Amino acid sequence: MVGERARERLLTILSEKGIESAPVLAAMANVPRHLFVDEALAHRAYDDVVLPIGYEQTISQPFIVARMTEVLYREAKHDRILEIGTGCGYQAAVLAQLWTRVYSIERIRDLHRYARQRLLALGLANIQTKAADGHYGWPEEAPFDAIMLTAAPPEIPQRLLAQLGEGGCLLAPVGAQGVVQYLTLVRRVGDDFEYTRLDAVRFVPMRKGIED
Ligand code: SAH
């Protein structure tokens, strides 16, 4: 059993690092991160660190999950959100506490399958997932109020911007491999897109195609 105290300590760290939104902190408190990592790593699940999830991929650092969630929660409506890069499903589970409907896409079939099982086991019925290349987004379910990328493209795919509704916001780590990536917020205003550059970050690259 992973201690309540470890979870409380994580919330304190998140507040100290500048996460202010009470709903976002409550969402972080609600999701048992230890269930999203391998049992052997469960004792580190409430440290504010990136952990491996296999397939050369990672579960994001809790602070980054909270930070990205907070930005989109502040800037966008809370109805429909699309995530690119499901990974283990942790970020999607956090989003599901705050948005009415969550759509999440993962390109590695095995990761997608495990994430889907986990999310179902947690009873999170407002998340839909699919194994696909996120560059195409999810046109059948567009428009979205918010889109979050958790893998870094060298530049934001136009197809994804086209799936934002009016006033909708996309948040992504942007940067070519080996170069500093910046979290970039894009808001759709009519046919225009307003870009704002935020924190320097480090994410795994967004790749093309799907993988078995
Ligand atoms: N959101 C995750 C972070 C996972 S790491 C979390 O909650 O911790 C990023 C994930 O993006 C990896 O699993 C990787 O396979 C996936 N990814 C990379 N390129 C992708 C693409 N084009 N489409 C969908 N998923 C992609």
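In whole Hz, what ³J(HN,Hα) sequence does the range 199-205 give by Karplus (6.51, -1.76, 1.60; θ = phi - 60°), x for Gly and Pro?
Ordered by residue, 3J(HN,Hα) equals 5, 6, 9, 9, 10, 5, x Hz.
In percent, what relative contact order does the range 1-52 have, based on Cα pairs under 8 Å that are 6 or more apart in sequence?
RCO, the range 1-52: 41 percent.
Amide H neighbours of Gly137 under 5 Å, at least 5 residues apart or on other chains, H built in the peptide plane: list them.
Under 5 Å from the amide H of Gly137: no residue qualifies.
Among Phe63, Phe193, Phe203, Phe36, rank each residue by its count of other Cβ atoms within 10 Å, from fewest to most, as a rough exposure measure.
Details: Phe63 18, Phe193 14, Phe203 21, Phe36 25.
By the 10 Å Cβ count, ascending, the order reads Phe193, Phe63, Phe203, Phe36.
Collect residues whose amide H, placed 1.01 Å from N in the peptide plane, falls under 5 Å from the amide H of Gln181; neighbours closer than 5 in sequence don't count.
Long-range HN contacts for Gln181: Val201.
Using only the Cα atoms of the range 111-212, each taken as one equal point scatterer with no solvent, compute I(q) by the Debye sum, divide by I(0), and report log10 of the ratio at q = 0.10, 0.13 Å⁻¹.
Computed log10 I(q)/I(0) values: -0.31, -0.53.
Each residue of the range 83-96 in order: what ³J(HN,Hα) in whole Hz does its phi give by Karplus 6.51 cos²θ - 1.76 cosθ + 1.60, θ = phi - 60°, with x for Gly and Pro?
Residue by residue, the range 83-96 yields 10, 10, x, 4, x, 7, x, 5, 4, 4, 5, 5, 4, 5 Hz.
With the alpha-carbon atoms as the only input, what is the per residue convex hull volume for the chain in Å³?
Enclosed volume per residue, from the Cα hull, is 111 Å³.
Given the chain, what percent of its DSSP beta bridges are antiparallel, to the nearest 5?
45
Label 7 Å along Cα→Cβ of Glu16; the range 41-56 residues with amide nitrogen under 19 Å?
Inside the label zone: 44-50.
Within 10 Å of each residue's Cβ, count the other Cβ atoms and sort His135, His43 from fewest upward.
His43, His135
Near the amide H of Ser21, under 5 Å away, which other amide H atoms are found, from residues 5 or more places off or on another chain, if H is placed in the peptide plane?
Counting only residues 5 or more places away or on other chains, the set is empty.
Fewest first, what order do Leu35, Leu183 take by the number of other Cβ atoms within 10 Å?
Leu35, Leu183
In whole Hz and in residue order, list the ³J(HN,Hα) couplings for the range 131-147 that follow from phi through the Karplus curve 6.51 cos²θ - 1.76 cosθ + 1.60, θ = phi - 60°; x for Gly and Pro.
Coupling constants for the range 131-147: 8, 6, 7, x, 4, 8, x, 9, x, 5, 9, 6, x, 10, 6, 8, 10 Hz.
FYI, it's all coordinate maths here, none of it is from the lab. All figures in this text were calculated on a predicted structure; none of them were measured in a lab. Here the Cβ is made from the backbone with ideal geometry for all residues, glycine too, and neighbour counts use every protein chain on show.
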